Amino acid sequence: FLAIKTLSSLLGGGSTTSKLLPLSPTTQYSTGVVGHIGPPQVIGNNDDDRIVVAYAVSVTGCGTDPITEGGAVLQHSIHRASRRQRYGYKLFAIYHPDAESCALPLAELGYTLLKRTTPVAVNEIQGDFLRSKIEENGCCGEKELIKLEAYTLTDYPIVVHLDLDVLVLKPMDAVFDL
C-alpha cells in the first residue's frame with residue numbers, strides 16, 4: 001500500500017489525514033501520533049529543502065534468504081529516483097523482534113531500524129473470519145500487521161511502504177503531488 005499524508009497538513013492548513021492509494025483513493029483515514037521518532041531528515045545527496053518521503057519496509061522473520069541484498073537494491077533504486085524528483089527520502093525498516101538478527105544489517109545501508117511487536121493481538125480481532133485465518137495466512141501470519149506501523153511515521157508528510165523485492169524505477173512526484 002501507499003500511505004500519503006495530505007500536503008495541506010504539512011503546509012499548515014487542513015486536517016492531518018491520510019489516503020490509502022491506489023486501493024481506495026477517496027477514503028480518508030485519520031492518523032494519530034503514536035510515537036515521536038524525531039524531525040524529518042534527508043539522507044543521500046539531498047542537500048536542499050525538499051519535502052522528505054519516508055520509505056518503509058517490514059521484516060517479519062529471517063527465513064532462509066538474507067534480506068540485505070533486497071534492502072541494498074531497494075535503497076539504491078530509491079536513491080537514483082530521488083535524484084530526479086522534487087522529494088528527498090529517509091529509509092525505515094520496521095521489524096518484528098523475531099527478525100532482529102536479519103534486520104540489523106539494514107542499518108548499515110542507511111535504514112533507521114524500528115523494532116515493533118504485532119500491533120494487534122489475534123484474540124482481540126473482532127471479525128471471526130480474520131481472527132480464525134490470520135495466523136495461517138501468507139508467509140508470516142499476524143506478524144504482517146507490523147506494516148500498519150508505517151502509519152506511526154507522522155513526522156513525514158508522505159509514507160510509502162514497500163516490500164524488499166521492489167524497485168523504484170522513476171520518480172513518483174505525480175503520485176506524491178495528489
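Observations
- Among the residues of segment 150-160, none qualifies, meaning not one is free of Cβ contacts under 8 Å to residues at least 12 places away in the same chain and among the small types (Gly, Ala, Ser).
- Criterion applied to Val52, Val57, Val122 was being among the aliphatic types (A, V, I, L, M) and surrounded by fewer than 16 Cβ atoms within 10 Å (Cβ to Cβ), and the one residue passing it is Val122.
- Residue within segment 144-166 that is over 25 Å from His76 (Cα atoms) and either of a type outside the set (Lys, Arg) or in contact with a strand residue (DSSP E or B) (Cβ under 9 Å, 6 or more places away or on another chain) (or both) present: yes
- Sole residue being in contact with a Pro (Cβ under 8 Å, 6 or more places away or on another chain), of a type outside the set (Lys, Arg) and within 24 Å of Val53 (Cβ to Cβ), chosen from Asp155, Asp163: Asp155
- Taken as a whole, the condition of being at pLDDT 90 or above, of a type in the set (Asp, Glu), surrounded by fewer than 20 Cβ atoms within 10 Å (Cβ to Cβ) and more than 17 Å from Cys62 (Cα to Cα) does not apply to Asp128.
- Residue check, Gln85 closer than 22 Å to Leu167 by Cα, among the polar types (S, T, N, Q) and modelled with pLDDT under 90: yes
- Taking segment 65-110 as the range and being surrounded by fewer than 15 Cβ atoms within 10 Å (Cβ to Cβ), under 17 Å from the mean Cα position of the chain (by Cα) and among the small types (Gly, Ala, Ser) as the test, only Ala107 passes.
- Residue match in segment 88-97 (condition: aliphatic (A, V, I, L, M), in contact with an Asp or Glu (Cβ under 8 Å, 6 or more places away or on another chain), at pLDDT 80 or above and closer than 30 Å to Asp177 by Cβ): yes
- Only one of Thr117, Thr152 that is buried (at least 20 other Cβ atoms within 10 Å of the Cβ), more than 21 Å from Asp65 (Cα to Cα) and of a type in the set (Ser, Thr, Tyr): Thr152
- Pairing residues of segment 53-79 that are without any contact (Cβ under 8 Å) to a residue 40 or more places away in the chain with residues that are in a helix (DSSP H, G or I) and surrounded by fewer than 17 Cβ atoms within 10 Å (Cβ to Cβ), at Cβ distances under 7 Å and at least 6 apart in sequence or on separate chains, gives Ala72/Leu109; Gln75/Leu109.
The values are calculated or read from the model by the stated rules, or taken from the named source; none is laboratory data. What you see is a predicted model, and the numbers here were worked out from it, not measured in a lab. Backbone-built Cβ (ideal geometry, glycine too); neighbour counts: all protein chains shown.
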